[in-house]
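Scroll down for the structure; my scribbles are underneath it.
The values are calculated or read from the model by the stated rules, or taken from the named source; none is laboratory data. Source: prediction; values computed, not measured. Cβ sites come from the backbone with ideal geometry, for glycine too, and all protein chains shown count toward neighbours. Note: areas computed on protein heavy atoms with side chains; ligands, DNA, RNA excluded. Shrake-Rupley method; radii C 1.70, N 1.55, O 1.52, S 1.80 Å.
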Amino acid sequence: MAKLTVRENGPLKVEGDFTLSDMEGNVYSTEGKPAIFICRCGATKNTPFCDGTHKTCGFQGPSRAV
Ligand code: FES
(Lines give C-alpha, C1' and ligand atoms only; values in the text may rest on other atoms or scores of the structure.)
Protein backbone atom coordinates (compact mmCIF):
# COMPACT_ATOMS: atom_id res chain seq x y z
CA MET A 1 0.00 0.00 0.00
CA ALA A 2 1.33 3.40 -0.91
CA LYS A 3 1.27 6.40 1.39
CA LEU A 4 1.31 9.88 -0.14
CA THR A 5 2.03 12.94 1.95
CA VAL A 6 1.79 16.55 0.79
CA ARG A 7 4.79 18.42 2.22
CA GLU A 8 4.50 22.03 3.39
CA ASN A 9 5.45 24.26 0.43
CA GLY A 10 7.24 21.31 -1.10
CA PRO A 11 6.94 18.00 -2.88
CA LEU A 12 4.60 15.06 -2.61
CA LYS A 13 6.27 12.27 -0.62
CA VAL A 14 5.44 8.77 -1.85
CA GLU A 15 6.37 5.69 0.15
CA GLY A 16 5.33 2.09 0.39
CA ASP A 17 4.38 -0.24 -2.45
CA PHE A 18 3.89 1.66 -5.72
CA THR A 19 5.00 1.90 -9.35
CA LEU A 20 5.69 5.23 -11.03
CA SER A 21 5.42 5.34 -14.82
CA ASP A 22 5.37 7.98 -17.52
CA MET A 23 2.49 8.60 -19.93
CA GLU A 24 3.75 5.82 -22.20
CA GLY A 25 3.88 3.27 -19.40
CA ASN A 26 7.66 3.34 -19.01
CA VAL A 27 8.50 2.69 -15.38
CA TYR A 28 10.82 4.97 -13.43
CA SER A 29 13.33 3.07 -11.35
CA THR A 30 12.64 3.63 -7.68
CA GLU A 31 14.26 0.40 -6.55
CA GLY A 32 16.04 0.64 -3.23
CA LYS A 33 14.41 3.95 -2.36
CA PRO A 34 12.21 3.86 0.73
CA ALA A 35 10.49 7.05 -0.46
CA ILE A 36 10.46 9.36 -3.46
CA PHE A 37 9.50 13.02 -3.72
CA ILE A 38 7.38 14.25 -6.62
CA CYS A 39 7.72 17.92 -7.58
CA ARG A 40 4.66 20.10 -7.02
CA CYS A 41 6.24 23.47 -7.81
CA GLY A 42 7.05 22.82 -11.48
CA ALA A 43 10.58 24.21 -11.20
CA THR A 44 12.56 20.98 -10.88
CA LYS A 45 15.22 20.13 -13.45
CA ASN A 46 14.66 16.43 -12.75
CA THR A 47 10.98 15.98 -13.52
CA PRO A 48 8.92 14.41 -12.08
CA PHE A 49 11.17 14.28 -9.03
CA CYS A 50 11.82 17.11 -6.60
CA ASP A 51 15.37 18.46 -6.80
CA GLY A 52 15.02 20.98 -3.97
CA THR A 53 14.35 24.01 -6.21
CA HIS A 54 11.05 24.67 -4.40
CA LYS A 55 13.13 26.06 -1.53
CA THR A 56 14.43 28.93 -3.67
CA CYS A 57 11.66 29.58 -6.22
CA GLY A 58 9.11 30.95 -3.75
CA PHE A 59 6.71 28.05 -4.07
CA GLN A 60 3.72 28.25 -1.75
CA GLY A 61 1.53 25.17 -1.65
CA PRO A 62 -1.25 24.50 0.81
CA SER A 63 -0.69 21.21 2.58
CA ARG A 64 -3.61 20.82 4.99
CA ALA A 65 -6.48 18.45 4.33
CA VAL A 66 -9.81 20.16 4.90
S1 FES B 1 8.64 20.58 -5.20
FE2 FES B 1 10.77 20.43 -4.95
S3 FES B 1 11.58 21.10 -6.81
FE4 FES B 1 9.44 21.26 -7.08
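For the chain, the number of Lys pairs separated by eight or more positions or lying on different chains, with C-alpha atoms closer than 18 Å, is 6.
For the chain, the fraction of 1.4 Å probe accessible surface lying on carbon and sulfur atoms is 52 percent.
Calculated over the chain, the projected area of the Cα convex hull averaged across directions stands at 5.2 nm².
Along the stretch 9-17 the Karplus relation, 6.51 cos²θ - 1.76 cosθ + 1.60 evaluated at θ = phi - 60°, assigns HN-Hα couplings of 6, x, x, 9, 8, 10, 9, x, 9 Hz to successive residues, with x for each Gly and Pro. Annotation: for a label point projected 7 angstrom from Cα along Cα→Cβ of Ala35, residues of the stretch 2-29 with backbone N closer than 16 Å are 2-18.
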